[in-house]
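Chemist: Here you go, one structure.
Only the coordinates and a few stated rules stand behind these numbers; no lab work does. From a predicted model like this one, the values you see are computed outputs, not experimental measurements. Glycine also receives a Cβ, built like all others from the backbone with ideal geometry; neighbour counts cover every protein chain displayed.
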Amino acid sequence: MCGIVGYIGKRKAYPILIKGLHRLEYRGYDSAGVALINEQGQLNVYKAKGKVAELEAFCESKDTGGTIGIAHTRWATHGEPNTVNAHPHYSESERLAIIHNGIIENYAVLKAGLMEQGYTFKSDTDTEVLVQLVEYTQVNQHVDLKTAVQLALQQVIGAYAIAILDKTHPDTLIAARKGSPLVVGIGEDEYFLASDATPIVEYTDQVIYIEDEEVVRLSTKGQSTKDKGIDITTINNVTKTPEIKRLELSLSQLEKGGYPHFMLKEIFEQPRTLTDSMRGRVNVRQDNIALSGFIDNKDRFLNAKRIIITACGTSWHAGLIAMYAIEEFAQIPVEVEYSSEFRYRKPVINKDDVVIAISQSGETADTLAAIQLAKSKGAFIFSICNVVGASIPRISDSGCYTHVGPEIGVASTKAFTAQVVALTMLALCIGKEKGTLTEEQFIRIVRELGQIPDKIERVLGQNKRIADFAKTFTYAQNFIYLGRGYNYPVAMEGALKLKEISYIHAEGYPAAEMKHGPIALISQEMPVVVVAPHCGTYEKVVSNIQEIKARKGRVIAVVTEGDELVSKIADYIIEVPQTEECLTPLLTVIPLQLLAYHIAVVKGCDVDQPRNLAKSVTVE
Ligand code: AGP
């Protein structure tokens with residue numbers, strides 16, 4: 001996700017800002033920029049697509065003077081990753097400059113209103129709308145910058161962390177947040193601002209964590225409260241007392257949010273990342289889903305004779321779950337293809353086919369080639385991707401971004417659950433539009449979708465217990481993972497997680513397949529993980545577990561809270577809350593992510609960068 005850095009004080013701002021951007025590079029980004037007010041009162045904005053190093057090269061010949069500035073690394077959400085869309089953004093008069101991390105859901109409405117007032121826009125970003133709104137408010141209501149920011153943010157729906165400068169007030173830096181983090185560092189007659197403490201920790205350990213809907217003014221002279229030049233109010237101008245905390249984490253720990261590995265951080269981010277993924281799309285109050293990629297292409301989906309899903313690895317598992325949902329709710333035949341096979345086996349592809357490509361990175365070579373083939377045959381390409389402007393979404397006809405921020409751990413976790421949510425939303429929209437899904441079913445599942453982040457939070461609460469019993473399985477050379485229905489792909493995903501980070505061989509199977517060979521493998525030496533939530537063919541899964549126990553197999557079962565049957569026969573139980581059958585994968589996969597993680601950690605494996613693996617397989 002985007003990174004924010006700000007500085008106001010006695011030193012040259014530019015070196016501090018650039019170093020701060022480097023500190024935030026781990027968050028992932030596609031462009032960077034800086035705004036500085038120099039000694040002559042000029043507001044200079046410099047931006048570059050690509051890495052911070054490219055911004056530095058661009059700035060070498062520029063005036064980078066000044067003791068106040070803001071800087072930004074952008075993870076594109078609205079608008080392609082390019083220089084025009086990079087932050088900071090000027091206001092119309094070029095008196096203001098803003099940087100922003102977050103998504104403004106109602107930016108289109110705000111933009112239309114400003115255009116009616118004669119404002120023009122250079123970029124496709126929601127951020128530029130915000131800085132124009134602040135300037136419009138300042139000019140028309142004759143208020144200072146901070147008040148204009150408060151009034152403008154009262155009109156904003158969505159998430160933001162912003163920093164804004166006014167070249168006519170070079171002694172003041174204004175910042176605000178809602179939903180995206182912001183930290184103030186307090187130095188000696190200088191202040192630092194950042195998305196997290198990594199750019200700040202080398203200058204000071206005194207920080208203030210800004211809370212939602214708070215606006216902070218950092219000033220090096222003029223008004224100064226007991227905290228010397230800092231005042232914090234809400235967007236409704238209620239004064240807040242800054243709470244100064246002492247930083248206790250190292251730089252490396254800070255980059256991982258205090259977690260030992262990016263993978264664990266990303267597993268624990270899932271309640272928030274799914275909330276972000278559903279933001280502006282799932283509206284529980286109105287019992288509605290607004291998926292622009294579907295709305296703009298309804299006919300293609302409604303007239304589709306077949307949907308082909310093409311992906312690799314974890315994304316392929318998400319596609320398998322989508323097959324169950326789309327066929328159940330939309331009654332359209334679905335084929336799920338490994339991209340590497342699909343692209344070479346001379347498949348039959350028709351013009352009325354819809355091809356859904358699923359890819360976290362948007363750069364997987366086989367998936368890219370698969371949709372290029374499908375496109376050449378006239379099929380409609382819809383992609384589910386996490387990286388705005390990546391190759392796969394760029395050649396797709398439409399799509400849906402998962403908006404979970406960069407996934408650093410090679411083993412995909414938060415991207416997977418977001419892919420499942422996106423695909424479930426799509427299946428529900430098609431089914432509702434076709435009438436193959438009743439209004440009552442649609443509303444029931446939409447409301448339950450809104451509950452999923454909290455329910456995942458409850459599953460994460462079992463992390464310590466899972467860590468404890470994971471230690472007893474590090475001896476194993478092989479695992480089998482079993483599931484039925486929506487949870488058969490979850491069994492495969494759990495097996496892949498274990499394989500790729502602990503190097504223990506594991507296979508995922510439909511539970512009923514045991515009788516067709518694998519049951520010959522059952523022994524005490526090979527743990528069996530069974531995904532057995534109380535839905536669908538639960539009784540059949542119970543029988544499968546009994547067959548395994550009868551042959552002295554050791555069973556770890558993922559069950560629904562309050563389960564009384566499996567709990568009596570399995571060796572280890574992990575409970576997940578009750579939910580709609582089609583949403584069970586979002587809960588049952590969490591214990592499997594944690595189990596794989598803890599086994600790998602006990603084995604001393606490199607969890608974030610497992611051997612032989614790349615985060616994105618951009619070659620065949
Ligand atoms: C998943 O944990 C793996 N890292 C891998 O299977 C991955 O899902 C696969 O390479 C597909 O990547 P993509 O989603 O970026 O296309």
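Chemist: Amide H neighbours of residue 157 under 5 Å, at least 5 residues apart or on other chains, H built in the peptide plane: list them.
Modeler: Residues meeting the amide H criterion: 105, 106.
Chemist: Tell me the trypsin sites (Lys or Arg not before Pro) within segment 180-259 that lie in a loop according to DSSP and have at most 16 other beta-carbon atoms within 10 Å.
Modeler: 221, 226, 228
Chemist: What full-extension length gain, to one decimal in nm, is calculated for residue 305 and residue 520 as 0.36 nm per residue of separation minus the Cα-Cα distance? Before the final figure, lay out each step's value.
Modeler: Numbers: separation 215, 0.36 × 215 = 77.40 nm, distance 4.07 nm.
Extending this stretch completely gives an extra 73.3 nm.
Chemist: I've got another one for you. Quick one: grab the alpha carbon gyration tensor of segment 392-450, order the square roots of its eigenvalues as a ≥ b ≥ c, and give me rounded if a/c is under 1.5, else prolate or oblate depending on whether a/b is larger than b/c.
Modeler: It is oblate, given that a/c is not under 1.5 and a/b is not larger than b/c.
Chemist: Another question, then. What are the ³J(HN,Hα) values, in whole Hz, obtained from phi via the Karplus relation 6.51 cos²θ - 1.76 cosθ + 1.60 with θ = phi - 60°, for each residue of segment 120-137 in sequence order, with x given for Gly and Pro?
Modeler: Those phi angles translate into 10, 10, 9, 10, 9, 8, 6, 5, 5, 4, 5, 5, 5, 5, 5, 5, 4, 5 Hz.
Chemist: Taking amide H positions as placed 1.01 Å from N in the peptide plane, with prolines and chain starts having none, which residues 5 or more places from residue 560, or on another chain, fall under 5 Å of its amide H?
Modeler: Under 5 Å from the amide H of residue 560 lie the amide H atoms of 534, 576, each far enough along the sequence or on another chain.
Chemist: Could you state the number of Å between the C-alpha centres of segment 289-368 and segment 242-262?
Modeler: When both Cα centres are located, 40 Å separates them.
Chemist: Each residue of segment 449-464 in order: what ³J(HN,Hα) in whole Hz does its phi give by Karplus 6.51 cos²θ - 1.76 cosθ + 1.60, θ = phi - 60°, with x for Gly and Pro?
Modeler: Working through the residues one at a time gives 4, x, 8, 4, x, 5, 6, 5, 3, 5, 5, 4, x, 9, 3, 5 Hz.
Chemist: May I pose another question? Using a 7 Å offset from the Cα along the Cα-to-Cβ direction at both residue 221 and residue 154, what is the distance between the two label points in nm, to one decimal?
Modeler: With each label point 7 Å from Cα toward Cβ, the separation is 3.2 nm.
Chemist: Here is a further query. Does segment 240-362 come out rounded, prolate or oblate by the C-alpha gyration tensor, with a ≥ b ≥ c the root eigenvalues, rounded set by a/c under 1.5 and, if not, prolate when a/b is larger than b/c and oblate if not?
Modeler: Because a/c hits 1.5 or more and a/b fails to exceed b/c, segment 240-362 counts as oblate.
Chemist: If you don't mind, another one. Report the per residue volume, in Å³, of the convex hull enclosing the C-alpha atoms of segment 64-176. Provide the component values of the computation, followed by the final result.
Modeler: Values: hull volume 11.1 nm³, N = 113.
Taking only Cα atoms, segment 64-176 has a hull volume of 99 Å³ per residue.
Chemist: I've got another one for you. Kindly express, to the nearest 10 degrees and within the range 0 to 90, the angle between helix 13-23's C-alpha long axis and the longest C-alpha principal axis of the chain.
Modeler: So the helix axis and the longest Cα principal axis differ by about 0 degrees.
Chemist: Something else about it: Assuming 0.36 nm per residue, please report the length gained on full extension of the stretch residue 457 to residue 249 beyond their Cα-Cα distance.
Modeler: Extra length from residue 457 to residue 249 when fully extended: 72.5 nm.
Chemist: Further, regarding this structure: Could you calculate the contour length gain from residue 63 to residue 465, that is, 0.36 nm times the residue separation minus the distance between their Cα atoms, to one decimal place in nm?
Modeler: 139.1 nm
Chemist: Looking at the chain, identify the longest residue range that excludes and avoids all chymotrypsin sites (Phe, Trp or Tyr not before Pro) in DSSP loops having at most 16 other Cβ atoms within 10 Å. Walk me through the intermediate numbers first.
Modeler: Details: sites that count: 121, 344, 475, 503.
That gives 122-343 as the longest site-free run.
Chemist: What are the lysines whose alpha-carbon lies under 25 Å from the alpha-carbon of residue 240, with same-chain residues fewer than 8 places away excluded?
Modeler: Answer for residue 240, where 25 Å is the Cα cut-off: 146, 178, 221, 226, 228, listed by chain and number.
Chemist: Once both labels are modelled 7 Å past Cα along the beta-carbon direction, what's the residue 259-residue 124 spacing in nm?
Modeler: About 3.1 nm separates the two model spin labels.
Chemist: Between segment 484-522 and segment 546-620, how far is it from one alpha carbon centroid to the other, in angstrom?
Modeler: Each part reduced to its Cα centre gives a spacing of 10 Å.
Chemist: Now a separate question. Could you work out the Rg to Rh ratio of segment 146-206, with Rh taken as the Kirkwood radius (inverse of the mean 1/r over all Cα pairs)?
Modeler: Using only Cα positions, Rg/Rh for segment 146-206 is 1.01.
Chemist: Just how many pairs of Lys in segment 294-453 have C-alpha atoms closer than 23 Å, counting pairs that are eight or more places apart or on different chains?
Modeler: 16
Chemist: Given H placed 1.01 Å from N in the peptide plane, which residues other than close sequence neighbours of residue 215 have an amide H under 5 Å from its amide H?
Modeler: Here 233, 234, 235 satisfy the definition.
Chemist: Leaving out same-chain residues fewer than 8 places away, which lysines sit with a Cα under 22 Å from that of residue 47?
Modeler: 12, 19, 62, 122, 167
Chemist: How big is the charge dipole of the chain about its Cα centre, in debye rounded to the nearest 20, if each Lys and Arg gets +1 on its Cβ and each Asp and Glu gets -1 on its Cβ? Don't skip to the end; give the middle numbers.
Modeler: Numbers: 65 positive and 75 negative charges, 169 e Å.
My answer is approximately 820 debye.
Chemist: Which of the three applies to segment 1-130, rounded, prolate or oblate, going by the alpha-carbon gyration tensor with a ≥ b ≥ c and a/c under 1.5 meaning rounded?
Modeler: The shape class here is oblate.
Chemist: Within segment 358-435, report the trypsin sites (Lys or Arg not before Pro) that DSSP leaves as loop and that have at most 14 other Cβ atoms within 10 Å.
Modeler: 377
Chemist: Please list, in order along segment 577-585, the HN-Hα scalar couplings obtained from phi with the Karplus expression 6.51 cos²θ - 1.76 cosθ + 1.60 (θ = phi - 60°), rounded to whole Hz, x for Gly and Pro.
Modeler: So the J values, rounded to whole Hz, are x, 5, 7, 4, 3, 5, 9, 4, x.
Chemist: Another one. Please give the calculated 222 nm ellipticity per residue for the chain, where each DSSP H segment of at least 4 residues contributes -39500 (n - 2.57) and the sum is spread over every residue; nearest 500 deg cm²/dmol? Working shown, then result.
Modeler: Numbers: 20 runs with 225 residues, N = 620.
The per-residue figure over the chain is -11000 deg cm²/dmol.
Chemist: To continue, here is another question. At a Förster distance of 22 Å, what's the computed FRET efficiency of residue 443 paired with residue 272, Cβ-Cβ distance as r, to 0.05?
Modeler: Computed FRET efficiency for residue 443 and residue 272 comes out at 0.30.
Chemist: Can you tell me the orientation of helix 262-278 relative to the chain, as the angle in degrees between its alpha-carbon axis and the longest Cα principal axis, to the nearest 10?
Modeler: It works out to around 80 degrees.
Chemist: Moving to a separate point now. Using only Cα atoms, locate the centre of segment 72-94 and the centre of segment 5-68, then give the distance between them in Å, rounded to an integer.
Modeler: Centre-to-centre (Cα) distance: 14 Å.
Chemist: Out of 354, 161, 76, whose Cα points farthest toward the positive end of the dipole of the chain (charges: +1 Lys, Arg; -1 Asp, Glu; placed on Cβ)?
Modeler: Sorting the options by dipole projection puts first 354.
Chemist: Separate question: Past the 45 angstrom mark, what percentage of all C-alpha to C-alpha distances in the chain do you count?
Modeler: So the pairs more than 45 Å apart make up 22 percent of the total in the chain.
Chemist: Taking the Cα centre of segment 432-586 as origin and charging only Cβ (+1 Lys, Arg; -1 Asp, Glu), how large is the dipole, in debye to the nearest 20? Walk me through the numbers on the way to the answer.
Modeler: Numbers: 19 positive and 21 negative charges, 88 e Å.
For segment 432-586, the charge dipole is close to 420 debye.
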